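Worksheet: the structure to be examined is printed underneath.
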Amino acid sequence: MQDTAAQRQQSLMNWLKSIAESFQLDLETLHSASSDASFRRYYRLQAGVHTRIVMDAPPSHENNEAFVDVQARLAQVGAKVPEILAYDAEHGFMLLSDLGTENFYHALQTTTDPAIVQAMYRLAIQELVRMQQADTTDLPVYDAARMLDELQLFEEWYIKQYCKTELTETEKKNLSQLFETLVADNVRHGQVLVHRDFHSPNIMMPTDSALQPGLIDFQDAVVGPITYDLASMVMDARYTWDEDQQIDWAIRYWQAAHLAGLDIDTDFAEFHRAYEWMSVQRNLRILGVFSRLSIRDGKHHYLDHMPRVNQYLRQVVVRYEEFNPLRRLFDRLENKQTVLGMTI
């Protein structure tokens, strides 16, 4: 039997009281820091001259052992991740070091200086390359079967539930063949630790002279294609980057990955195509996930980002003949006509 919200809050307070003296915790300062699309909740409180983060992640819903495991892998290669100061495995409570209050997404809302933005993302590229050198032994594998399974979210939640549309038999057949081709290409590239959500909300602004961005929300990490996290960053579901900017950062990443000895295509044109194809799988999944978060969970603010995700998809699918079935489907969903290959 699961605890009520009040019971869980009381359990959290009891745990914090038990460690308050050891970590100089001022429980009166405890306040909500953030929540996310999962069951995790975060709080911040004062601890002497520092602030700390409290993570409440019910073990019945969250894989906390994965968080502990990936945190250790990333720390081993020097990535800036929260330090686990205390952990109650039975209840799913953690006391973490605080990486600050401002992530890249927040900074982008107020930063108008292009030089600052470029500096931010060049640091992020270095952190991505560092992260991709982490040990991947025994991590879950992000393989073709898993990718195909995720793509079912696109039909079930975006097409059927959000767009209230049924695929024709021809569309089902064509999409099935396309998805097989897509994921077969995705998985043939170099395998590294994949964060899965390496984008502006999960990259924390540097807080000291080391100028190293922090990484959060990494517990779903897998071993998978080297193309995935770059696609997440340059086609950010929460912030729009034009193609010129995407390519600039992709080239810088590609060069840095080569210098680090990562398993990456030696031909940038092929790498560019590969991460664009990877972005199609990711963004189709995101359309399904955001639709489900709105329809099933009442988190309607995720719909605000769907036009951007659609635009990123359009950017890619019009470029490659293999994606024609997907382009035609989007045309139908958006009640557009396609005349001589042009969408009007």
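The values are calculated or read from the model by the stated rules, or taken from the named source; none is laboratory data. A quick note: this is a predicted structure, and the numbers were derived from the prediction, not measured. No Cβ is skipped: glycine too gets one built from the backbone with ideal geometry, and neighbour counts run over all protein chains shown.
If you go through the stretch 85-132 and keep only what is free of Cβ contacts under 8 Å to residues at least 24 places away in the same chain and of a type in the set (Asp, Glu), you end up with just Asp113. Please go through the stretch 183-210 and give me each residue that is surrounded by 19 or more Cβ atoms within 10 Å (Cβ to Cβ), of a type in the set (Gly, Ala, Ser) and in a loop (DSSP other than H, G, I, E, B), ordered by number. Across the stretch 183-210, there are no qualifying residues. The sole residue among Val70, Val81, Val77 that is in the same structural domain as Ile53 (by TED's automatic domain parsing) and surrounded by fewer than 21 Cβ atoms within 10 Å (Cβ to Cβ) is Val77.
Number of residues in the stretch 237-272 that are of a type in the set (D, E, K, R) and without any contact (Cβ under 8 Å) to a residue 40 or more places away in the chain: the value is 5.
For the residues Ile159, Ile125, the requirement of being at pLDDT 95 or above, assigned by TED's automatic domain parsing to the domain that holds Arg196 and in contact with a Phe, Trp or Tyr (Cβ under 7 Å, 6 or more places away or on another chain) singles out Ile125. None of Ala75, Ala66, Ala33, Ala79 is closer than 23 Å to Phe198 by Cα, modelled with pLDDT under 95 and not hydroxyl-bearing (Ser, Thr, Tyr) except Ala33.
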